[in-house]
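Novice: My structure is below; once you've seen it, I'll send some questions.
The values are calculated or read from the model by the stated rules, or taken from the named source; none is laboratory data. Just so it is clear, the structure is predicted and the values come from calculations on it, not from any experiment. A quick note on method: Cβ atoms are made from the backbone with ideal geometry, for glycine too, and the neighbour counts reach across all protein chains shown. When the accessible area is computed, the model is the full protein with side chains, heavy atoms only, and any ligands, DNA or RNA have been set aside. Shrake-Rupley method; radii C 1.70, N 1.55, O 1.52, S 1.80 Å.
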Amino acid sequence: MPALATTNFNIILSVLGGWISLFGLVSYLCKESFYLSEALISLLAGVSLSPHAANFIRPLDYALGSVENLNAITLAFSRLVLGVQLVLAGVQLPSRYLKKQWKPLAILLGPIMAAMWIATSLLVWGLVPGLNILHALAIGSCVTPTDPVLSAVIVKGKFADHNVPKELQQIIIAESGANDGLGYPFLFLALYLIKYIGDGGVAESGGARVAIGLWFGETLGYTILLSVVYGAAVGWLAKELLHWAEEHKFVDRESFLVFAISLALFIVGTCGMIGSDDVLACFIAGNVFTWDDWFRLETLDDSLQPTIDMLLNVSVFMWYGAVCPWESFNDNGVVPLRRLVPLGILVLLLRRLPWVLMVHRFIPQIEEVRQAVFVGFFGPVGVSAIFYLYITLEFLQTLDVDGRPRADVAKLPEAVTVVVWFIAVCSIVVHGLSIPLGKLGFYLPRTISRGVMSSSSEGPSVVAPFTLGSRVSSFAIRRRSGADSGNEQSASSSSRPVYRIGGTIIPKRQEDSTGKLPDLREGVQTSNNSSTSAVAIGQASTSAVAIGQSSPSGVGPSAEGAAPYSGRTIRFPDEAPLSGAAAAGAAVPSEP
C-alpha cells in the first residue's frame, strides 16, 4: 500500500517550488507597485516555514544535526549567491567602467569604507558590554560592505528607472560589487591582531609585527591582489573565447546566454581551491568580460540572467529566514535586547550616511544633498555580512587550544553571530520597507488634502481608487445634475490635476541630444526630457531606439510583427536572419 514519503528532499522541493510559484503570481504587484523587495518577502516566508513556526524547513536536519555542517552549508550558499550576483553586476556596467570611474570609486572604497568600519566598530564596542576593541573591529568589519543583492531594489526596476539617474545607478552597482571583496582586509587585520596579541601573546608568539606582516603578505598580496589578477585574466580569456566561438558559429543561443553564470561558478570553485578572494575575483571578471561592451549589449533582450538572479535571491533569503538564530536575540550571554535594538538603529543611521554627506561633492555622480542622503542611507547589510560572519567563525575555530576555545575569544563567536545577524535582519526589514513607506508618508497627506479640498469645492465626485506607484496625472470628474422629475442630463467631465502617489525622489539629469529610450506605456505616448519624438506601444522599434538602451519600465519594444531579439546584432545558428526594418534597427551603432 502506498505510504506518504515525507522525506526532507521531498519537503524542501515542495516548499521551495510552491513558494516561488506563489510569489511569482504577485511578484510584479509586490516589486513594481508596492516597491517591496523580494529579499524581505522571502525572509518572512523562511521564518514562517522554519522550525520556529510551521517546521517545513528544518536546516539542522539537512546538516545531519551538526551546527558546524549547518554553518558550512550557509557559507557555501552565500558564496554561490555572491559569486553569481557579482559577475552579473560586473556585466551590467558599461565598457571600461572601472577604468573610467576609478576616482569616485577610490573615494567610496577607500576613506568612506574605512570610516564605515571604524564607526560601526565603535558603536559595537560602546553598546555590547564586556567587548574589547579588537573584537568590536572584527564584528564591525563583517557589516562594513554594502550588499549587492539588497542594493538591487534601488538600481533595478520601476523605482530606479523613475527616480535614480543612470549614472548614480551604475556607481552604486560598482561600489556594492567591489567593496564586498574588499571586506577581507578589514576583517583579517582584526583577526590577525586577535590571534597574535589578543591574549597577550601567550598562545601565539610574534606579536603585532607578525600580525601586520601576515596581513600585508597573505591578505593584501595573496587574497586581494591575486584575486584581481586572476579575475581579470579569466574574464579576458572568457571574452576572447566567446568571441571566437560566436564568429565561427560554434555556440548556440542558450549556451551564449548562460556563459556569464557558468563563468561565476568556475571562478567561485577555483578561487575556493586556491584560497583567494572569490567574491572580488567574480566582480573583476564580470567587468573585464564586458570590457568592450559586446556581451552586455548582446544580452540586453535576455531574461535568463534576471531569472537566475531572482531564483537565487528568493532561495537564499528563505534559507536565511530559516537558519537565523531568532531566539538568541532575546536570550544570549553577550548583549541584551535593550542594547541590540539601539545598536541596529544607530548602525543604519551612522554607519554610512554621515561619511557620504561629507565627501559627496568629490563624487560627480552625486550632485545634490538629496542624492547624498539617498546613497548614504541605502547601504544595506545582507548576504555579504552573513558571508563574512561565517568566515570569522571558521577562523576562530583555528584558535582552539586542545579542542577548547581560547579564553580571550570564548564569547566572540556568540557575539559576532548575534550582532551580525541582528544588524542584517534590521537592514533587510528597514531597507525593504523604506521606499514604500517613504513614498506613502510623503505623498499621501497631500493627495488626501487635495481630494478633500476638491470634494468640498466641487461637490460630490467619483475619484479613481488609490494606487501606490501609479503614474497618474489627471482624472475625470463626472457630475450628474438632474431635476426632481428624474430626467437624466448628459454627464460632463473635466480634467483636474492630481498630486500623484509615487513621484520622483531624486531628480534626473538633463539628457544630451541623443536622449534615452522613451517610456513605452500602455497605449500612452511619452517624450523623454522634452524630446519632440513620441513613441507608442505597438510601434516598431527602428532607428529611434539605440542598442544598449532599455525601457524604463523594463518592457522592450516587443510590438506585434517585430522581429524577435531585435536588439542584438549577432545571429545564432538556430535563428533565422533578420530582414527588412528589423535588420535596419539592429544595425544601429551601439553607445561608445
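Novice: Determine if region 154-168 includes at least one residue that is surrounded by 19 or more Cβ atoms within 10 Å (Cβ to Cβ), under 18 Å from A385 (Cα atoms) and of a type in the set (A, V, I, L, M, F, W, C).
Specialist: No, every residue in region 154-168 fails to be surrounded by 19 or more Cβ atoms within 10 Å (Cβ to Cβ), under 18 Å from A385 (Cα atoms) and of a type in the set (A, V, I, L, M, F, W, C).
Novice: Further question on the same structure: Mind counting the residues in region 386-416 that are farther than 22 Å from I133 by Cβ and either outside any helix (DSSP H, G or I) or acidic (D, E) (or both)?
Specialist: 6
Novice: Still on this structure: Search region 294-306 for residues that are in a loop (DSSP other than H, G, I, E, B) and pair each with any residue that is at pLDDT below 85 and aliphatic (A, V, I, L, M) when their beta-carbon atoms are under 9 Å apart and the residues are at least 6 apart or on different chains.
Specialist: Pairs that qualify, where the first residue is in a loop (DSSP other than H, G, I, E, B) and the partner is at pLDDT below 85 and aliphatic (A, V, I, L, M), are L300/I547.
Novice: Now, a different point. Is there any pair linking a residue in region 214-240 that is more than 16 Å from Y184 (Cα to Cα) to one that is open to solvent by 60 Å² or more (accessible area, probe 1.4 Å) and part of a helix (DSSP H, G or I), with Cβ under 9 Å and at least six apart or on different chains, and which?
Specialist: From region 214-240, the pairs are Y230/I274; V234/F266; A238/F266.
Novice: Please verify whether L49 is open to solvent by less than 40 Å² (accessible area, probe 1.4 Å) and either under 20 Å from E175 (Cα atoms) or of a type outside the set (K, R) (or both), treating the condition exactly as stated.
Specialist: Considered against the rule, which asks whether it is open to solvent by less than 40 Å² (accessible area, probe 1.4 Å) and either under 20 Å from E175 (Cα atoms) or of a type outside the set (K, R) (or both), L49 comes out as yes.
Novice: Only one residue in L44, L49, L40, L25 is without any contact (Cβ under 8 Å) to a residue 40 or more places away in the chain and either of a type outside the set (D, E) or closer than 29 Å to E414 by Cα (or both), so which one is that?
Specialist: L25
Novice: If you check E414, E394, which single one turns out to be surrounded by fewer than 20 Cβ atoms within 10 Å (Cβ to Cβ) and within 22 Å of L346 (Cβ to Cβ)?
Specialist: Exactly one residue qualifies, and that residue is E414.
Novice: Here's another thing I want to ask about it. Could you list, in sequence order, all residues of region 7-63 that are among the hydrophobic types (A, V, I, L, M, F, W, C) and not in a helix (DSSP H, G or I)?
Specialist: The answer is V26, F34, L36, A53, A54, F56, I57, A63.
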